[in-house]
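The values are calculated or read from the model by the stated rules, or taken from the named source; none is laboratory data. This structure is a prediction, so every number in the text was calculated from the model and none was measured. Quick reminder, even Gly has a Cβ in these numbers, built from the backbone with ideal geometry, and neighbours come from all protein chains shown. Keep in mind that these areas ignore ligands, DNA and RNA; they rest on the heavy atoms of the full protein, side chains included. Shrake-Rupley method; radii C 1.70, N 1.55, O 1.52, S 1.80 Å.
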Amino acid sequence: MKKNSVYIETYGCQMNVADTELVQGILKNNGYEMTDNVEQADVILLNTCSVRDNAEQRIYGRLGNFKNLKIGNPELVVGILGCMAERLRKDLIEEKKIVDVIVGPDEYRKLPELIDVAFNGEKGIGVKLSRTETYDDIIPYREDGLQAWISVMRGCDKFCTFCVVPFTRGRERSRSLDSVVNEVKQLSDRGFREVTLLGQNVNSYKDNQFDFADLLAASAKVNRKMRIRFTTSHPQDLSDKLLYTIAENYNICNYIHLPVQSGSNRILKLMNRTYTIEHYLKLIQNAKQIIPGVSFSTDIISGFPTETYDDHVMTLDVMREVKYDGAYMFKYSPREGTKAFKMADDVTEEIKTKRLQEIIELQQQISFEKNQSLIGKEEIVLIEGLSKKSDKFLSGRTDSNKVVIIPFDEKVTEGNYVKVQIVRVTSATLFGNYISLIDESNDELALTA
Ligand code: 5AD
Ligand code: SF4
């Protein structure tokens with residue numbers, strides 16, 4: 001019997017989640033089946049992340065777990081996909097003998113062939129980066145559902161000095177507008193209600209004369225009952241055209257993920273972020289004017305080389321000024337090969353931890369206050385299903401991506417848009433009461449959103 005059962009685990013960002021679906025598409029086209037049971041798999045693949053050291057340490061830990069499986073089943077093939085494959089190929093092959101297949105983000109087409117190489121007892125390695133590969137013609141494998149990720153571009157040319165992505169994912173390149181829009185159509189036909197267009201820096205999207213705003217507008221036109229989200233935006237490239245496109249299309253969510261990284265101009269310069277904090281705040285003001293009710297989330301790094309207490313306070317000040325709806329907050333982690341790696345990692349672990357803690361606490365307070373201001377207000381919620389904690393409640397999300405819990409109601413099923421009144425909040429969740437189902441035939445969604 002042909003060995004064809006594959007188990008995949010995914011780590012890191014949403015790009016990796018999308019890449020795993022792509023890999024599953026490629027493998028299924030080549031006769032492989034997916035399994036959720038690691039012990040029954042002929043092939044175990046880990047789609048990995050290198051963005052911080054703790055992500056890599058988790059993978060090493062996981063590889064350790066697979067050692068025993070391999071002792072029981074010497075023919076088991078273990079593979080590393082994604083950013084770590086690119087960064088650590090030598091180490092993985094020489095020191096982690098348990099790894100048989102190593103495939104970087106631009107060589108997934110070769111995966112079936114490289115798995116065969118491993119079945120024949122050799123190492124299957126594909127780690128070349130490409131300037132053109134976008135997998136435009138490959139249909140990712142997705143289970144039925146409500147929400148899907150679509151990667152619209154790959155790589156990054158920004159070279160922020162702390163970041164390994166330009167080295168592990170290579171140069172920026174975009175898919176064609178037509179193929180992305182077709183994918184949105186297929187998802188719409190299958191009953192999906194929300195898509196998120198993904199790229200490390202989506203605002204650099206370019207397909208001939210079309211830019212990212214054109215792609216968003218074309219995607220939003222496919223089905224007005226489908227919510228369109230996108231991530232991640234770089235402050236350098238967020239154009240007015242894009243802001244107007246969001247404002248003019250009610251089914252493009254009024255929500256922008258706009259990583260600031262630091263509130264200090266000196267640190268931003270060392271990070272090669274190419275904007276000043278004044279420019280960033282102006283952008284936020286501008287977006288608020290063009291898109292009424294827009295909300296923002298961000299990424300923040302604490303303890304970048306040479307960061308002083310004053311720099312840290314500037315970051316807290318920016319958080320207070322913008323009042324982000326959410327933030328992804330990290331301790332700086334030196335990555336070999338990046339420019340920042342050559343700077344001394346001179347903020348002690350203890351201080352990084354303390355500053356990060358202050359950042360997290362401030363964000364929780366801001367989120368709580370922002371959520372409190374919603375009490376009594378009406379929101380339109382896309383219902384995703386039963387709440388994780390109790391089947392007496394339903395869970396869904398607002399346009400600004402906040403989780404809302406409402407009491408179970410027989411009139412409501414997953415995939416419905418529901419008008420809800422917010423009655424109680426925590427820093428992470430809104431609780432509301434059902435008001436009415438949105439009448440989609442009447443385009444009530446357009447009127448009330
Ligand atoms: N250390 C800590 N955080 C990092 N990020 C990227 N590289 C590093 C690093 N070396 C964070 C940035 C980026 C997010 C995806 O991960 O905030 O926006
Ligand atoms: Fe990394 Fe900067 Fe590119 Fe984001 S924009 S992927 S942080 S280099």
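General observations
- Sequence-separation-based contact order of the stretch 1-108, relative, with Cα cut under 8 Å and 6+ spacing, percent: 26 percent
- In percent, rounded to a whole number, the relative contact order of the chain is 10, using alpha-carbon pairs under 8 Å and six or more apart.
- Accessible surface of LYS402 - all protein chains present, 1.4 Å probe, nearest 10 Å²: 30 Å²
- Reachable lysines from LYS2, criterion Cα separation under 29 angstrom, eight or more residues apart if same chain: LYS28, LYS67, LYS70, LYS96, LYS97, LYS110, LYS123, LYS128
- Annotation: per residue accessible area for the chain equals 45 Å², rounded to a whole number [probe 1.4 Å, protein chains only].
- Toward the positive end of the charge dipole of the chain, with +1 on the Cβ of Lys and Arg and -1 on the Cβ of Asp and Glu, the farthest Cα among THR348, VAL38, CYS83 is that of THR348.
- Rounded to the nearest 20, the size of the Cβ-charge dipole of the chain about its Cα centre is 520 debye, with Lys and Arg at +1 and Asp and Glu at -1.
- Each part gets one Cα centre, and for the stretch 47-74 versus the stretch 251-315 those centres are 34 Å apart.
- FRET efficiency for GLU122 and GLN186, using Cβ-Cβ distance with R0 set to 51 Å, rounded to 0.05: 0.85
- Packing order of peptides 190-199, 237-246, highest average first: 190-199, 237-246 (average count of other Cβ atoms within 10 Å over each peptide's residues).
- From the Kirkwood radius over Cα pairs of the stretch 8-97, Stokes-Einstein at 4 °C and 1.567 mPa s returns a whole-number translational diffusion coefficient of 94 µm²/s.
- Relative contact order for the stretch 147-372, counting Cα pairs under 8 Å that sit 6 or more residues apart, in percent: 18 percent
- Summed side-chain charge close to MET319 - residues other than MET319 whose Cβ falls under 11 Å, Lys, Arg +1, Asp, Glu -1: -2
- Neighbourhood charge, 13 Å Cβ-Cβ cut-off, centred on THR298 and excluding it, Lys, Arg +1 and Asp, Glu -1: 0
- The lysines whose alpha-carbon is closer than 26 Å to the alpha-carbon of LYS370, local same-chain residues fewer than 8 away aside, are LYS282, LYS288, LYS323, LYS331, LYS354, LYS388, LYS389, LYS402, LYS419.
- Peptides 4-17, 123-136 ranked from most to least packed by the mean count of surrounding Cβ atoms within 10 Å: 4-17, 123-136.
- Protein accessible area in the chain, 1.4 Å probe - carbon and sulfur %: 49 percent
- Scalar couplings 3J(HN,Hα) for the stretch 117-129, obtained by applying the Karplus form with A = 6.51, B = -1.76, C = 1.60 to θ = phi - 60°, are 4, 5, 4, 8, x, 10, 8, x, 10, x, 10, 6, 8 Hz; x denotes Gly and Pro.
- Dipole of the chain computed with +1 at Lys/Arg Cβ and -1 at Asp/Glu Cβ about the Cα centre; of LEU394, ASN65, LEU22, farthest Cα towards the positive end is ASN65.
- For ILE8, the residues whose amide H sits under 5 Å from its own are THR35, LEU45, ignoring neighbours fewer than 5 places away on the same chain, with H placed 1.01 Å from N.
- For the stretch 323-345 versus the stretch 118-159, the spacing of their alpha-carbon centroids is 25 Å.
- Here the sum of -39500 (n - 2.57) over DSSP H runs of 4 or more residues, divided by the residues of the chain, equals -10500 deg cm²/dmol at 222 nm, to the nearest 500.
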